[in-house]
1. Quick one: check the C-alpha center-to-center distance for the stretch 238-298 versus the stretch 319-378, whole angstrom.
2. At a 10 Å Cβ-Cβ cut-off, how would you order 323, 308, fewest neighbours first?
3. Ranking 291, 377 by Cβ neighbours within 10 Å, fewest first, what do you get?
4. Given 324/366; 221/384; 223/368; 23/384; 288/372, which pairs have Cα atoms separated by over 28 Å?
5. Starting from the stretch 286-375, pick out the trypsin sites (Lys or Arg not before Pro) whose DSSP state is loop and whose Cβ has at most 12 other Cβ atoms within 10 Å.
6. Can you tell me how much longer the chain between residue 397 and residue 63 gets when fully stretched, taken as 0.36 nm per residue apart minus their C-alpha distance, in nm with one decimal?
7. What dipole magnitude, in Debye to the nearest 20, does the stretch 209-402 give about its Cα centre under +1 on Lys/Arg Cβ and -1 on Asp/Glu Cβ?
Amino acid sequence: RHSRLTFAEVNSDNADILVYFEKGFHGDGYPFDGQGQVLAHAFFPGGGRGGDVHFDIEEPWQLTGDEENGNGVNLFVVAAHEFGHSLGLSHSSVADSLMYPWYNSNNDLSGEFDLSDDDRYGIQQIYGAKDRLWGKNTGDKPVHRWPLRPPTLAPPRGWDPQVPVTEKPRTTTTTTTPTTTTTRRTTTTSSPWGTDSERPDTCNTAYDAVSIIRKEVYIFKGKYIWRLGNRGLYAGYPALTTRLWNNLPASLTRVDAVYERLDKKIVFFIGRQVYVFHGTNPLEGYPKQLTDLGLPRSVDKIDAAMVWGYNSRTYLFSGTMYWKFDEDEQRVELDYPRDMGNIWKGVGYNIDAAFQWKDGNVYFFKGKGFWKFNDRTMSVENKKPLQSSHFWMGCPAIDLNDTLGNEIPTDEPDTVGQSAFLAANLQNLLICFIISFVCRVYQR
């Protein structure tokens, strides 16, 4: 109605938009989560899966006129939204638009309906109005999921329901009068390796951030870094982080999170600020604030950041929540944050660091231990933390159970403890039985 697009149903795998009903893991790197939360997702136009739409078959879908299934999810509403993504429309911050990221059960688009102005302008910007020539839309974009409703969890840190995710960052302009002051410059020469008193113990410390940069592993702690190559830890480390990135703040005390983007730019999260470097050179326009990325003001720092090889998308972690970050838009996606427990099963909350190693697996760090996350099973391989310094630094092995209290909680019974308890009780019962038997014989 509002563009020169036309649609025709065809029975062919070569159609521009293929529609599937799937459940759980279905081969595209974006598993469904069963009833509730994520309802469907679609790919932007492009080759391969470009334009395709996947619906979660485990949702209670409601068709038009299906009055008996009054509590179901309106298939027409969700399909219209996802087809918008197939045509190239992104999410909208306008609450009454079709492309608003959260499903509204009160929307009834099954009758005579019209697109909102926001939706109409969006589709015409891509394809043109009816009386204009078509535009072109190319390129494969990431999956867009549509959740059932906005997040309702309220973690201690990482989500502020009072601050809308669509809030734009504030900008301030300060005008000052230049002055010239002549002073005597005092220079201090310091060692790039820092002082012995403040350098962290390689074999006995937790990590603040871990990342692969230029195919080498960098581990950050306080003001210091370690470098690991194919032959292990480089000599002369730990060294000051500013030895390599001397344009970081002079008052640097720690780096909260680091990751290398797909374009090889290096992103540092330090408190509420974000720095981006090309090699060791800072990019113009930085540092920026976390709120400039679409994060709420309540997020005071990022715990971990990484590009997940499972789908080549960037993820940010803070407290109990995580966000998917759109590198093209340089903002977190509108339908986030989400609870870490929904997808990163067995990892727990309030992690210290995370990165994807060369073996293709993700490693999560907390305290002096780490967990290996299996992308295929979508769960950790080791329920108890492994010693970080032993695996990554080659330090002597120690028993982390005596030093760490961050074992992954599990619903599985402690069979060893139960066996010992049962054996002890059997022994006590046997002793009681013998005493009782002897007493009875004596009385006789």
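Read the figures in this text as sums done on the coordinates, not as results from a lab. Remember, predicted model here, so these are calculated numbers, not experimental data. Don't worry about glycine lacking a Cβ; one is built from the backbone with ideal geometry, like all the others, and counts go over all protein chains shown.
1. Cα centres, the stretch 238-298 to the stretch 319-378: 19 Å.
2. Working: 323 26, 308 17.
So the ranking, lowest neighbour count to highest, is 308, 323.
3. On the way: 291 16, 377 11.
Ascending Cβ contact count within 10 Å gives the list 377, 291.
4. 23/384; 288/372
5. Values: sites: 288, 297, 301, 313, 324, 331, 338, 345, 358, 366, 368, 372; in loops: 297, 301, 358, 368.
Those that pass, being in a loop and sparsely packed, are 358.
6. Between residue 397 and residue 63, full extension yields an extra 114.3 nm.
7. I would put it at about 520 debye.
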